[in-house]
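Please read the structure below before turning to the comments.
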Amino acid sequence: MLVAGACAILMGLSGRELSSEMDLFQIMFCRNLIALSFTIFALLCTGLEGVRTRFIKRHVFRNLVHFSATYLWFLGIISIPMAAVFALEFPTPLWTAILAVLWLKEPLNSSRIFGVLIGFLGILVILRPGIAVIHPAAFAVIASAIGLSVAYVITKSVVHEDSAWTILFWMNLIQLPLSLGLSLQNWVWPSEALIPWVLGIGIAGFGLHLAISQAMTHADASVVVPFDFLRLPLITVVAWFMYQESPDMFVFIGAGVIVFGNAIILRGETSKKTLKDSSPGEM
């Protein structure tokens, strides 16, 4: 998860640097092209069986949503302070908990209800409606988090058969022509100075999803997710160093409230899993 956090920061920095010359869709095309190349190389080494899936329609829908969410995320990256973008991402597990109830028919328990309400309060602390002027890009980031939650729920419905490599392959294969088609009208070749950032965004896009998948394989979500919250202090330092973006205490306070809401949900899910594992019928 520490690697995933580093990749997320690298992707944000690369996107902002590349946006000085390139359209957002072209930036996404570069990410998909390089990530797909890495994925195909890995599959050639491990076996092409990894591209097979019975859920092609779900993968198509998932990636249409994920593509839109990624675009909105990059829109936030180039429009508002990066720390605010990363903080507004934190409610993604909360939205996922809601969607899992609606989509996967998972039970709506008290921990989920309370956790979501606490998380929503954290969003209000960050945005401060009625007190501060809310940038439209902040709503784009919130919509991005909801879109990513939809993608996570769909992933949860196929992960019992499809491997992380399968999901990664179809993600980039489906999104590649989408990003290419939408970028052709405003296509520009990046300057030599931006080539490292082009490589950076592709490597980061590949590493982010692979690292999260590996983390989830080796540990429960209750162990994995808290490490993801280290993104905020790290991006705050990086953004201050590179872009002179001063830390906003309301962002940190709101993020802390959201983390608390996530912790309530994770604790409830962990308790439920423990009870299930210890029941006589499951032994």
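No value in this document is a laboratory result; all are computed from the given coordinates. Here the structure is a predicted model, which means the values were calculated and not measured. Backbone-built Cβ (ideal geometry, glycine too); neighbour counts: all protein chains shown.
Run the simple label-point estimate for Leu2 and Asn109 please: 7 Å along Cα→C-beta, distance reported in nm.
3.1
Which whole-percent values make up P(r) of the range 40-91 when all C-alpha to C-alpha distances are grouped in 5 Å steps starting at zero?
Pairs per bin, as whole percents: 4, 16, 14, 14, 15, 12, 14, 9, 2.
Taking R0 as 22 Å, what's the FRET efficiency between Asn186 and Lys57 from their Cβ-Cβ distance, rounded to 0.05?
0.10
In percent, what relative contact order does the range 1-98 have, based on Cα pairs under 8 Å that are 6 or more apart in sequence?
Working: 24 pairs, mean separation 39.1, N = 98.
Across the range 1-98, relative contact order equals 40 percent.
Enumerate the helices in the chain for which the Kyte-Doolittle hydropathy averages 1.6 or more and the C-alpha atoms extend at least 15 Å along the helix's axis, using complete DSSP H runs. Walk me through the numbers before you get to the answer.
Working: long enough: 2-18 (24 Å, 1.39); 24-46 (33 Å, 1.76); 56-77 (31 Å, 0.55); 92-103 (16 Å, 1.58); 110-127 (26 Å, 2.22); 136-158 (34 Å, 1.63); 164-183 (28 Å, 1.26); 195-218 (34 Å, 1.17); 231-243 (17 Å, 1.38); 249-278 (43 Å, 0.69).
Long hydrophobic helices here: 24-46, 110-127, 136-158.
Which three lengths, in whole Å and largest first, does the range 55-204 cover when its Cα atoms are put on their principal axes?
Largest first, the range 55-204 extends 53, 46, 24 Å along its Cα principal axes.
Can you tell me, using C-alpha contacts under 8 Å and at least 6 residues apart, the relative contact order of the range 68-137 as a whole percent?
Contact order relative to length: 38 percent.
For the chain, set up a Gaussian network in which alpha carbons nearer than 10 Å are linked by springs, and say which option among Met28, Met171, Met242 fluctuates the most.
Of Met28, Met171, Met242, the most mobile in the Gaussian network model is Met242.
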